[in-house]
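Data block below; observations after.
The values are calculated or read from the model by the stated rules, or taken from the named source; none is laboratory data. On a predicted model such as this, the values are computed, not experimentally measured, just so you know. Using ideal geometry, Cβ is built from the backbone for each residue, glycine included, and neighbour counts are taken over all protein chains shown.
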Amino acid sequence: MESILTTVLPVFGMIVLGYGFTRLKIFDAAAGRGITLFVFNVAIPALLFKTVATMGPQQGAPWGLWLAFFGGLAITWCVAAVVSQFVSSLNYSGGAAASMAAGFGNLALLGTPLALSHFGQQVAIPLGMILSIHAPVLWFTATLHRAIFQGSGSFSVARTSRDLFRSLATNAIVLGLLAGTLWRLTGLDLHPIAGTMLEMLADASVPTALFALGVSLAGYSLRGSWNGMFALIALKMMLMPVLVFALVHYMVSIPPLWAQVAILFAAMPTGANAFVFAQRNEEAVAAVSGAITLGTALAALSAGILLYLMDTGVI
């Protein structure tokens, strides 16, 4: 239990620190965006590059991990689309915004720091495999989902597919994984100077991600659409991890640590990209905003319980 507390309390303490500094006007949204860009485009890619470039024989291919995580996400996505038809604050465009909020978890700013803090850098490979395609695939799916129910004649699968490819090709996390793989294939060691710099950047990824999350949370609200908010939290933080748990234990064979990463990531609260999607289309904005804010607060308890169950062998 002590190890759980020493993981969870500092993690959420950093989030509270970022939130408090923003509320006190010491930081603002622009500063938070700068920190977030550093996390996504520098710190996490550096961590993944160093881990892949120096790792030993790989434990497995990504297919089973992707099948378990994104399989659970896909089922949750469909359930959210159905549920949205019965909740007025979510009933827009076939529930595209609701499905995005129920499937898109805060993996980079919360899931990754939690996993690294508790399990160490040995989980960098499976978390990188999920992170590398998480946002592009879900943005593509949500855009397609909304276009189908909107019946928009301006929508083009070819154009959206090109956007997906461009997003993957310019994604710093994807590039970090690829560059690390290519360096590993050369058989060369990292120069001590480069290795130290990468280690420093990797060490910065956890605190900066958490602080940036706290800064961003200061911009969300709990007002309005309570029924939709609670529906999204239940779908994202309860249904999805249960589905992923079932898949990794009964249908897909992957290393135990990879399975734990998949379940932990599945249990993360709704992430900011879901809010961006809802706000851009002016659909379910209040419910998604509330799900992010309250869901992140609830994750302080749920993540601790989940990690405890993993450490005791229940999961």
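If the condition is being surrounded by 18 or more Cβ atoms within 10 Å (Cβ to Cβ) and either within 18 Å of the chain's Cα centre (by Cα) or of a type in the set (Ser, Thr, Tyr) (or both), then the range 173-201 contributes 173, 174, 176, 177. As for the range 156-167, it holds no residue that is of a type in the set (Lys, Arg), assigned to a helix (DSSP H, G or I) and under 16 Å from residue 53 (Cβ atoms). Of all the listed residues (248, 244, 288), the sole one being buried (at least 21 other Cβ atoms within 10 Å of the Cβ), touching a residue at least 12 places away in the same chain (Cβ under 8 Å), within 15 Å of residue 76 (Cα to Cα) and more than 13 Å from the chain's Cα centre (by Cα) is 244.
Yes or no: residue 5 under 24 Å from residue 264 (Cβ atoms), part of a helix (DSSP H, G or I), modelled with pLDDT of 90 or more and among the aliphatic types (A, V, I, L, M)? Criteria not met by residue 5.
Candidates 111, 95, 18, 71: the one that is under 22 Å from residue 218 (Cβ atoms), of a type outside the set (Lys, Arg), more than 15 Å from the chain's Cα centre (by Cα) and part of a helix (DSSP H, G or I) is 18.
Determine whether residue 111 is in contact with a strand residue (DSSP E or B) (Cβ under 7 Å, 6 or more places away or on another chain) and within 30 Å of residue 299 (Cβ to Cβ).
For residue 111, the condition - in contact with a strand residue (DSSP E or B) (Cβ under 7 Å, 6 or more places away or on another chain) and within 30 Å of residue 299 (Cβ to Cβ) - is met.
Where residues in the range 212-232 are surrounded by fewer than 23 Cβ atoms within 10 Å (Cβ to Cβ), of a type in the set (A, V, I, L, M, F, W, C) and in a helix (DSSP H, G or I), which of them is modelled with the highest pLDDT? If we take residues in the range 212-232 being surrounded by fewer than 23 Cβ atoms within 10 Å (Cβ to Cβ), of a type in the set (A, V, I, L, M, F, W, C) and in a helix (DSSP H, G or I), then 230 is modelled with the highest pLDDT.
Quick one: residue 13 ticks every box in (1) crowded, with 21+ Cβ neighbours inside 10 Å; (2) part of a helix (DSSP H, G or I) bar one, so which box is it? Going through (1) crowded, with 21+ Cβ neighbours inside 10 Å; (2) part of a helix (DSSP H, G or I) one by one, residue 13 breaks only (1).
If you go through the range 74-92 and pick out every residue that is of a type outside the set (Gly, Ala, Ser) and either part of a helix (DSSP H, G or I) or buried (at least 24 other Cβ atoms within 10 Å of the Cβ) (or both), you end up with 8. Of note, residue 205 satisfies the criterion of being closer than 20 Å to residue 34 by Cβ and buried (at least 18 other Cβ atoms within 10 Å of the Cβ).
Have a look at 156, 167 and point out the one that is closer than 21 Å to residue 40 by Cα and either surrounded by fewer than 11 Cβ atoms within 10 Å (Cβ to Cβ) or modelled with pLDDT under 85 (or both). Can you show your working first?
Numbers: 156 fails: closer than 21 Å to residue 40 by Cα.
After ruling out the rest, the residue left standing is 167.
Of the residues 216, 205, 289, the single one that is within 23 Å of residue 119 (Cβ to Cβ) and among the polar types (S, T, N, Q) is 205. Does the range 123-145 include one or more residues that are within 23 Å of the chain's Cα centre (by Cα), part of a loop (DSSP other than H, G, I, E, B) and either of a type outside the set (D, E, K, R) or over 19 Å from residue 47 (Cα atoms) (or both)? There is no residue in the range 123-145 that is within 23 Å of the chain's Cα centre (by Cα), part of a loop (DSSP other than H, G, I, E, B) and either of a type outside the set (D, E, K, R) or over 19 Å from residue 47 (Cα atoms) (or both). Among the residues making up the range 33-78, a single one is in contact with a Phe, Trp or Tyr (Cβ under 6 Å, 6 or more places away or on another chain) and modelled with pLDDT of 95 or more: 65. Residue-level check: of (1) touching a residue at least 24 places away in the same chain (Cβ under 8 Å); (2) not in a loop (DSSP other than H, G, I, E, B), residue 309 misses just (1).
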